[in-house]
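Contents: one structure, followed by commentary.
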Amino acid sequence: MSKTLLVYAENRDGRLRQVALETLGAAQQIAGAQDRIQVVVAGSDITSAVSELVRYGVDLIYTIEHSALEHYNPEAYLAALKSVLQQAAPDLVLFGHTALGKDLAPLVAAHLQAGQISDITSIDLEGGHPVFTRPLYAGKAFEKRVFEAGPAVITIRPNNIAAASAAEGSASPIEDVAYPSPSLRTIVKEVVQKTTGKIDLSEAKIVISGGRGVKSADGFKPLEELADLLGGAVGASRGACDAGYCDYSLQIGQTGKVVTPEIYIACGISGAIQHLAGMSQSRVIIAINKDPEAPIFKVADYGIVGDLFDVVPLLTAEFRKVLV
Ligand code: FAD
């Protein structure tokens with residue numbers, strides 16, 4: 001029997017997020033030849049996100065555009081999705097494991113009385129049935145889970161599953177869905193962004209993180225310079241955040257963000273277990289620390305024993321020679 005997979009395509013500031021394409025990639029991995037992949041895009045300015053999505057040749061794109069959806073509000077977004085969920089009657093709904101996805105997916109699962117598997121990092125097919133892998137205990141163990149009955153909801157960890165690729169010459173049909181304008185118990189009046197224009201830490205392919213070893217807010221400047229040159233994002237240990245060198249929004253670890261970039265460069269970070277919980281799944285880890293015994297070197301693929309204030313500017317200068 002054919003199934004319907006419904007992908008929630010996350011967008012921000014009118015643009016499709018990379019995780020939306022990874023979520024679509026996950027749906028393409030799971031879908032059999034007879035299955036339908038449908039996508040839902042919601043927001044206040046979704047024109048360019050939708051025109052990008054059209055190129056992926058999905059079976060149907062539902063669009064819900066309304067000024068009430070400018071900022072994420074769980075009540076408004078669930079209300080917006082309800083009629084799509086009713087119409088599509090999906091067997092599987094897919095979200096990115098982002099701040100929005102972590103909040104909205106359980107609401108949708110509760111609404112559908114569906115099971116949910118979260119924070120998936122890989123998908124295998126056994127006899128055509130998807131088996132989902134998710135990390136446990138901060139990446140020290142992995143769990144494989146399957147659904148025994150539907151409907152089902154999953155969230156996909158950013159930077160782990162290959163993004164969908166656009167299908168040449170194909171176009172996807174679009175169906176506009178009306179926002180039901182429900183009366184809301186809370187409304188978002190304003191969102192004050194701290195990091196406008198910066199690459200999102202959880203989606204960055206390269207993360208340069210600073211720890212207490214950067215010694216001051218100014219100590220982050222060489223890291224920012226390297227990150228800008230490489231098109232990466234700056235992160236931090238809690239040590240650096242607690243010391244007031246940077247904002248807590250940069251914190252990576254057990255009580256911060258979990259990142260899985262292709263390259264993670266830890267500068268002046270000792271490598272406490274709580275920090276490793278947020279970055280040990282990175283593809284390549286490079287550690288710069290002046291203490292050769294620092295535990296970060298145990299998880300690093302490449303280690304540089306030295307003063308970060310010497311090493312980071314040297315790296316920037318060398319990369320500039322080949323990149324600029
Ligand atoms: P330190 O441990 O002080 O290390 C600084 C390092 O910089 C040292 O290794 C030193 O050799 C090196 N250094 C100094 N100067 C230089 C230089 N000039 N050049 C090169 N190297 C230099 N931590 C997190 O990061 N994320 C979390 O989410 C998190 N959650 C936590 C939750 C709980 C419940 C608890 C108890 C702790 C948590 N921590 C977390 C804190 C964690 O235990 C560590 O205290 C913290 O990660 C240490 O930060 P750090 O490595 O920057 O500092």
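P(r) tail for the range 1-95, what percent of Cα pairs lie past 15 Å?
Looking at the range 1-95, the distances longer than 15 Å represent 56 percent of pairs.
Quick query: amide H of residue 167 versus all other amide H atoms, modeled in the peptide plane; which residues come in under 5 Å with a sequence gap of 5 or more or a different chain?
Amide H neighbours of residue 167, under 5 Å, 5+ apart: 56, 57.
Can you list residues from other chains, or at least 5 along the same chain, whose modelled amide H is less than 5 Å from the amide H of residue 12?
Excluding prolines and chain starts, which carry no amide H, the hits are 17.
In whole Hz, what ³J(HN,Hα) sequence does the range 119-136 give by Karplus (6.51, -1.76, 1.60; θ = phi - 60°), x for Gly and Pro?
For the range 119-136, the Karplus-derived couplings read 6, 7, 10, 7, 10, 10, 10, 10, x, x, 9, x, 10, 9, 9, 9, x, 10 Hz, x marking Gly and Pro.
Roughly to the nearest percent, how much of the accessible area of the range 239-324 is carbon and sulfur, given a 1.4 Å probe?
C and S atoms contribute 56 percent here.
Would you mind calculating the relative contact order of the chain from Cα pairs under 8 angstrom and at least 6 residues apart, reporting the percent as a whole number?
15 percent
Between the alpha-carbon centers of the range 32-72 and the range 76-100, tell me the distance in whole angstrom.
11 Å
Report, to one decimal in Å, the Kirkwood hydrodynamic radius for the chain based on all distinct Cα pairs.
Mean inverse Cα-Cα distance, inverted, gives 21.0 Å.
Report the full-extension gain for the segment residue 247 to residue 184: residue separation times 0.36 nm, less the Cα-Cα distance, to one decimal in nm.
Contour length minus the Cα-Cα distance gives 19.5 nm.
Assuming 0.36 nm per residue, please report the length gained on full extension of the stretch residue 146 to residue 59 beyond their Cα-Cα distance.
28.8 nm
Output ³J(HN,Hα) for the range 200-213: one whole-Hz value per residue in order, computed from phi by the Karplus curve 6.51 cos²θ - 1.76 cosθ + 1.60 with θ = phi - 60°, and x for Gly and Pro.
5, 4, 6, 10, 5, 7, 10, 10, 10, 10, x, x, 4, x
Between residue 1 and residue 307, what's the calculated FRET efficiency when r is the beta-carbon distance and R0 is 56 Å? Round to 0.05.
0.35
What does the extension gain come out to for residue 194 and residue 89, with contour length at 0.36 nm per residue minus their alpha carbon separation?
So the extension gain works out to 33.9 nm.
Between 86, 28, 254, where does the largest GNM mean-square fluctuation fall for the chain, given springs only between Cα atoms within less than 10 Å?
86
To test your reading of the geometry: what angle, between 0 and 90 degrees and rounded to tens, separates the Cα axis of helix 18-30 from the longest principal axis of the chain?
Roughly 60 degrees between the two axes.
Pick out which of 107, 229, 276 has the largest mean-square fluctuation in a Gaussian network model of the chain, springs linking Cα atoms closer than 10 Å.
Comparing 107, 229, 276 in the GNM, the peak value goes to 229.
How large are Rg and Dmax for the range 78-183 when calculated on the C-alpha trace, in angstrom?
Here Rg and the maximum Cα pair distance are 15.6, 46 Å.
Along the Cα→Cβ direction, 7 angstrom out, place labels at residue 228 and residue 111. What is the inter-label distance in nm?
4.2 nm
What nm value, rounded to one decimal, do you get for the distance between residue 298 and residue 44 when each label is placed 7 Å out toward the C-beta?
Spacing of the two 7 Å Cα→Cβ label points: 4.9 nm.
Tell me, what is the per residue accessible area of the range 140-262 in Å², probe radius 1.4 Å?
About 56 Å² of surface per residue is accessible.
Using a 10 angstrom cutoff on alpha carbons, build the Gaussian network for the chain and name the most mobile of 297, 132, 142.
Highest fluctuation among the options: 142.
The values are calculated or read from the model by the stated rules, or taken from the named source; none is laboratory data. Values in this document were obtained by computation on a predicted structure and should not be read as measured data. Because the Cβ atoms are built from the backbone with ideal geometry, glycine has one as well, and the counts that use them run over all protein chains shown. SASA here: full protein model, heavy atoms, side chains in, ligands and nucleic acids out. Shrake-Rupley method; radii C 1.70, N 1.55, O 1.52, S 1.80 Å.
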